[in-house]
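Participant: One structure follows; several queries about it will come next.
The values are calculated or read from the model by the stated rules, or taken from the named source; none is laboratory data. This structure is a prediction, so every number in the text was calculated from the model and none was measured. Note: ideal-geometry Cβ built from the backbone for every residue, glycine included; neighbour counts use all protein chains shown. Ligands, DNA and RNA are stripped out before the accessible areas are found, and what is left, the full protein with its side chains, is counted by its heavy atoms. Shrake-Rupley method; radii C 1.70, N 1.55, O 1.52, S 1.80 Å.
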Amino acid sequence: MAIADVTIMGAGAFGLSIACACALRGAKVQVIDPHGVAAGSSGGIVGALAPHVPENWNDKKAFQFDSLIMADPFWAKIETISGQNPGYARSGRIQPIADERGIELAQARAKTAVALWQGKATWQIAQSHGDWTPQSPTGLVIKDTLSARIHPRDATHALAKALHVLGGTITPDGPHQGKIVWATGWQGMLDLSRQMGRNVGNGVKGQAALLKFDAADQPQLFADRLHIIPHHDGTVAIGSTSERDFDDPTQTDAQLDDVITRAIAAFPVLRDAPVIERWAGVRPRAKSRAPMLGMHPLRPDDFIANGGFKIGFGMAPKVGQVMADLVLENKDAIPEGFKPAASL
């Protein structure tokens with residue numbers, strides 16, 4: 001077996017994005033995951049790539065913005081290499097405006113978006129009309145063109161296939177060779193907390209549903225803290241719950257029933273759409289709520305990339321780039337708020 005230049009622990013969105021970024025630069029890469037590709041939250045069904053609001057700008061928001069802008073060429077390249085559709089589209093997003101205060105905020109953000117989003121995307125107020133729109137008390141909605149969608153499960157498998165095409169390997173076990181990157185999801189966050197003797201991150205469970213409803217060309221919707229994501233395959237995902245305390249990480253229950261009920265109330269067009277899948281999984285959340293990227297806090301020669309939480313796929317293109325910079329070239333372009341010290 002050839003000696004790997006880089007070993008990635010974890011075959012989720014972060015691990016495989018870093019693996020592909022390294023392989024595209026000519027590195028020999030192996031990924032080790034005993035549970036296989038997309039076994040954790042990266043095998044989910046929602047896939048809302050939604051931006052922070054354009055205000056109170058900082059390095060974290062700028063990083064996410066850069067990653068969302070990078071997403072078009074990144075996922076196009078992954079699809080070309082792998083021959084598999086990751087379900088990505090810059091579809092935009094519609095969300096209702098509840099009251100006069102909401103109108104004022106939306107107007108202010110429309111102005112700041114002009115500068116902060118650099119003319120690459122827009123945030124606008126529009127009239128609410130048509131079937132594919134949320135219920136809006138004011139009759140107005142926010143439309144942005146930065147939000148995108150992806151099918152998490154399809155995208156993760158497309159990354160895995162692209163890595164194989166690029167000469168990388170994915171195995172359930174094997175020797176750790178070369179530079180080591182730990183991208184081990186929520187269980188990795190719990191392990192790190194136990195080793196550190198204090199909370200540096202945990203897992204947050206989410207439950208979501210997949211409906212049979214073809215709206216593939218429509219934007220994603222957001223209301224009542226719910227994401228409604230039309231996918232490329234004639235399905236619509238609804239999610240999700242956010243549960244700090246849970247007994248079974250993969251079990252769905254009445255909380256998902258409530259999510260479906262609220263989604264139909266906000267978007268009546270989905271009323272008769274059959275539920276074809278109920279899904280639950282646990283997302284890794286760092287204490288700082290930002291991804292944990294950089295040198296591993298307990299393994300001096302290793303690296304860590306974890307804590308994507310709800311924005312892991314949106315961050316993946318940029319995470320792959322900066323982690324490949326660090327691992328292969330010793331170039332550190334990671335914001336201070338993303339480094340492990342921010343959660344320790």
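Participant: What is the percent carbon and sulfur in the accessible area of region 128-192, measuring with a 1.4 Å probe over the protein chains and ignoring ligands?
Facilitator: Values: 1430 of 2650 Å².
Of the solvent-accessible surface of region 128-192, carbon and sulfur hold 54 percent.
Participant: To the nearest 20 debye, what charge dipole does region 196-344 have about its Cα centre, counting +1 at the Cβ of each Lys and Arg and -1 at the Cβ of each Asp and Glu?
Facilitator: 460 debye
Participant: When the Kirkwood hydrodynamic radius is evaluated over all pairs of different C-alpha atoms of region 12-93, what value in angstrom, to one decimal, is obtained?
Facilitator: Answer for region 12-93: a Kirkwood hydrodynamic radius of 14.8 Å.
Participant: On the protein heavy atoms, probe 1.4 angstrom, tell me the percent of accessible surface of region 1-91 carried by carbon and sulfur.
Facilitator: Result for region 1-91: 52 percent of the exposed heavy-atom area is carbon or sulfur.
Participant: Just to verify a number: FRET efficiency for Gln107 and Arg299, C-beta to C-beta distance, R0 = 51 Å, to 0.05?
Facilitator: About 0.55, to the nearest 0.05.
Participant: Viscosity 0.890 mPa s, temperature 25 °C: Stokes-Einstein D of region 226-344 from its Kirkwood Cα radius, in µm² per second?
Facilitator: Details: Rh = 16.9 Å.
D, rounded to a whole number, is 145 µm²/s.
Participant: Taking 30 Å as R0, compute the FRET efficiency from the Cβ-Cβ separation of Arg244 and His176 and round it to 0.05.
Facilitator: 0.40
Participant: If r is the Cβ-Cβ distance from Ile125 to Thr80 and R0 is 45 Å, what FRET efficiency results, to the nearest 0.05?
Facilitator: Step by step, r from the Cβ atoms, then E = 0.75.
Participant: Which value, to two decimals, describes the C-alpha radius of gyration of region 68-190 once divided by 2.2 N^0.38 Å?
Facilitator: On the way: Rg = 20.2 Å, N = 123, 2.2 N^0.38 = 13.7 Å.
My calculation over the Cα atoms of region 68-190 gives 1.48.
Participant: Here is a follow-up. Going highest first, how would you order 155-167, 104-116, 87-99 by mean Cβ packing within 10 Å?
Facilitator: 155-167, 87-99, 104-116
Participant: Shifting gears a bit: With the Cα gyration tensor of region 161-266 giving a ≥ b ≥ c as the square roots of its eigenvalues, does the rule (a/c under 1.5 for rounded; else a/b larger than b/c for prolate; else oblate) give rounded, prolate or oblate?
Facilitator: Since a/c reaches 1.5 but b/c is at least a/b, the shape of region 161-266 is classed as oblate.
Participant: Nothing charged except the Cβ atoms of Lys and Arg (+1) and of Asp and Glu (-1): what's the magnitude of the dipole of region 170-220 about its Cα centre? Round to the nearest 20 debye.
Facilitator: The dipole of region 170-220 has a size of about 300 debye.
Participant: Which value in deg cm²/dmol, rounded to the nearest 500, describes the helix-derived mean residue ellipticity at 222 nm for the chain, given -39,500 (n - 2.57) per DSSP H run of n ≥ 4 and division by the residue count?
Facilitator: -10500 deg cm²/dmol
Participant: Please give the contour-minus-distance gain from Arg278 to Leu328: 0.36 nm per residue of separation, less the Cα-Cα distance, rounded to one decimal in nm.
Facilitator: 14.0 nm
Participant: Let me ask something additional. Leaving out ligands, DNA and RNA, and with a 1.4 Å probe, what % of the accessible surface on region 209-264 is carbon or sulfur?
Facilitator: On the way: 1130 of 2590 Å².
Answer for region 209-264 is 44 percent, counting heavy atoms of protein chains only.
Participant: Send over a whole-number figure in Å² for the accessible area per residue of the chain, probe 1.4 Å.
Facilitator: For the chain, the solvent-accessible area averages 42 Å² per residue.
Participant: Is there a pair in Lys143/Lys310; Lys28/Lys120; Lys120/Lys287; Lys61/Lys179; Lys120/Lys143; Lys28/Lys287 whose C-alpha atoms are over 23 Å apart, and which pairs would that be?
Facilitator: Beyond 23 Å between Cα atoms: Lys28/Lys120; Lys120/Lys287; Lys61/Lys179; Lys28/Lys287.
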